[in-house]
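In what follows, a structure is listed as structure tokens, so that the remarks can point back to it.
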Amino acid sequence: MKIVFLGTGGTYPSKLRNVTSIAVQMPGEVVMFDCGEGTQRQLMHSSVSFMKIRKIFISHLHADHFLGIPGLIQSMSLNGREDALEVFGPNGTSSNVRSMLRLGYFKSGFEVETKDIEPDEELDFSSYTVRCVEAEHTVPSLAYALQETSRPGRFDVQRAEALGIPEGPMFRKLQQGRPVTVKGRRIEPGDVLGPARAGRKVVYSGDTRPSPRIVELARDADVLIHDCTLDSSHSTLAADFGHSTAAEAATVAKEASVGMLFLVHLSPRYESHEVVEEEARSIFMNSKVAEDLSEYVVRYRD
């Protein structure tokens, strides 16, 4: 699992940052969170293939979070895409996407499936789930948690040998959760595997004020990607426009006991991010301002 920060700024593009878009590379597909204008060009400078994007989750319908969709769809189509693309978001997302598909003289060569989702809804994609909660912004907005399904427990080699299981294909079967038979005796995976281990978890807040709902959504996440539009010297402005400061984002990360906090959606006013990052690190040390086109590999904690 690898996170690629395609855009890390807010409101409008600046010389240093494009507007928000986050790609999560999964086995066999890419899941995207938000798709601001210019995202397709950012993709061309990144390690992400836009043809592998299967799902886009939109946090809310402010322009800097969804205007990249029509251009991206046209580029996918012009490059011969046939696989369907799924777009999810809060109420109004489906009608907005349908309107975008009618712009100009263009017809997509593949199916674009859309779905409005409600807060607290959880979508099951077999190898992972995506759950959303309501964020606290000036318009309806969602925060998302991408959670891998549980992994098998650790394989106890000594126990397997004591049961007379020969090393090789039978080990693999048991690790995959399938029983084996040794000398007429059926051996279940639970006989040699420890407790199931949690999969990796990535949480994206979208635009939001600090929220207890997001703290719970992010509980024990490996990575939290949180709105950090301003530093605390502009706390009133942040509150007025439904955003978080660096200190507020860091407090959410600390309360949720996350592994790593990435700060995104920086205001175009910042030519340097040191003041923002230092403020967050004073509360939660594992804080970092994400840079456009930077990457982060999400590793298992155990």
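The values are calculated or read from the model by the stated rules, or taken from the named source; none is laboratory data. Remember, predicted model here, so these are calculated numbers, not experimental data. Positions of Cβ are generated from backbone atoms using ideal geometry, with glycine treated the same way; all protein chains shown enter the neighbour counts.
Would you check which residues across segment 236-269 are aromatic (Phe, Trp, Tyr) and under 18 Å from the mean Cα position of the chain (by Cα) and list them? Step through it out loud before you land on a result.
So in segment 236-269, the residues aromatic (Phe, Trp, Tyr) come out as 241, 262.
Within segment 236-269, Phe262 is the sole residue that qualifies.
For segment 24-49, what are the residues that are of a type in the set (A, V, I, L, M, F, W, C) and either crowded, with 21+ Cβ neighbours inside 10 Å or over 22 Å from Asn96 (Cβ atoms) (or both)? I'd like the intermediate steps shown before the answer.
Looking only at segment 24-49, we keep the residues that are of a type in the set (A, V, I, L, M, F, W, C), and these are 24, 26, 30-33, 35, 43-44, 48.
Within segment 24-49, Val24, Met26, Val31, Met32, Phe33, Cys35, Leu43, Met44, Val48 qualify.
Would you confirm whether any residue within segment 35-53 is free of Cβ contacts under 8 Å to residues at least 40 places away in the same chain and either outside the structural domain of Arg98 (by TED's automatic domain parsing) or assigned to a strand (DSSP E or B) (or both)? If you could, list the steps in order and put the result at the bottom.
So in segment 35-53, the residues free of Cβ contacts under 8 Å to residues at least 40 places away in the same chain come out as 35-41, 43-44, 49-53.
Subset that is either outside the structural domain of Arg98 (by TED's automatic domain parsing) or assigned to a strand (DSSP E or B) (or both): 53.
Yes - at least one qualifying residue is present in segment 35-53.
Take segment 257-288 and flag every residue that is aliphatic (A, V, I, L, M) and surrounded by fewer than 22 Cβ atoms within 10 Å (Cβ to Cβ).
Initial filter on segment 257-288 (aliphatic (A, V, I, L, M)): 258, 260-261, 263-264, 266, 275-276, 280, 283, 285.
If the condition is that a residue be aliphatic (A, V, I, L, M) and surrounded by fewer than 22 Cβ atoms within 10 Å (Cβ to Cβ), then Met260, Val275, Ile283, Met285 are the ones that fit.
Conditions: (1) of a type outside the set (Ser, Thr, Tyr); (2) crowded, with 17+ Cβ neighbours inside 10 Å; (3) within 23 Å of Lys2 (Cβ to Cβ). Ala246 meets all but one. Number of the miss?
(3) is the only condition that Ala246 fails.
So if I check each of Ser232, Ser205, which one is under 17 Å from Gly10 (Cβ atoms) and within 15 Å of the chain's Cα centre (by Cα)?
Details: Ser232 fails: within 15 Å of the chain's Cα centre (by Cα).
Every option except Ser205 fails the conditions.
Enumerate the strands (runs of 3 or more DSSP E) found wholly within segment 106-219, keeping only those where 2 or more residues are in contact with a helix residue (DSSP H, G or I) (Cβ under 8 Å, 6 or more places away or on another chain), surrounded by 15 or more Cβ atoms within 10 Å (Cβ to Cβ) and without any contact (Cβ under 8 Å) to a residue 40 or more places away in the chain.
Working: elements: 112-116, 122-124, 128-134, 142-148, 180-182, 185-187, 201-204.
Filter on segment 106-219 gives 112-116.
Could you count how many residues in segment 3-57 are touching a Gly at 6+ places or on another chain (Cβ under 8 Å) and hydroxyl-bearing (Ser, Thr, Tyr)?
Going through segment 3-57 one residue at a time, the tally reaches 3.
Residues of segment 220-270 being out of contact with any Lys or Arg (no Cβ under 8 Å at 6 or more places or on another chain), part of a loop (DSSP other than H, G, I, E, B) and not β-branched (Val, Ile, Thr), which ones?
Matches in segment 220-270: Cys228, Asp231, Phe241, His265, Ser267, Arg269, Tyr270.
Condition (residue is under 22 Å from Ala135 (Cα atoms), polar (S, T, N, Q) and in contact with a helix residue (DSSP H, G or I) (Cβ under 6 Å, 6 or more places away or on another chain)) applied to segment 252-261: is it met by at least one residue?
So far as segment 252-261 goes, no, none of its residues is under 22 Å from Ala135 (Cα atoms), polar (S, T, N, Q) and in contact with a helix residue (DSSP H, G or I) (Cβ under 6 Å, 6 or more places away or on another chain).
Of all the residues that make up segment 271-293, how many are without any contact (Cβ under 8 Å) to a residue 24 or more places away in the chain and part of a loop (DSSP other than H, G, I, E, B)?
Count: 3.
Name the residues in segment 74-104 that are of a type outside the set (Gly, Ala, Ser) and part of a helix (DSSP H, G or I), would you?
First, the residues of segment 74-104 that are of a type outside the set (Gly, Ala, Ser): 74, 76, 78-79, 81-83, 85-88, 90-91, 93, 96-98, 100-103.
Result: Gln74, Met76, Leu78, Thr93, Asn96, Val97, Arg98, Met100, Leu101.
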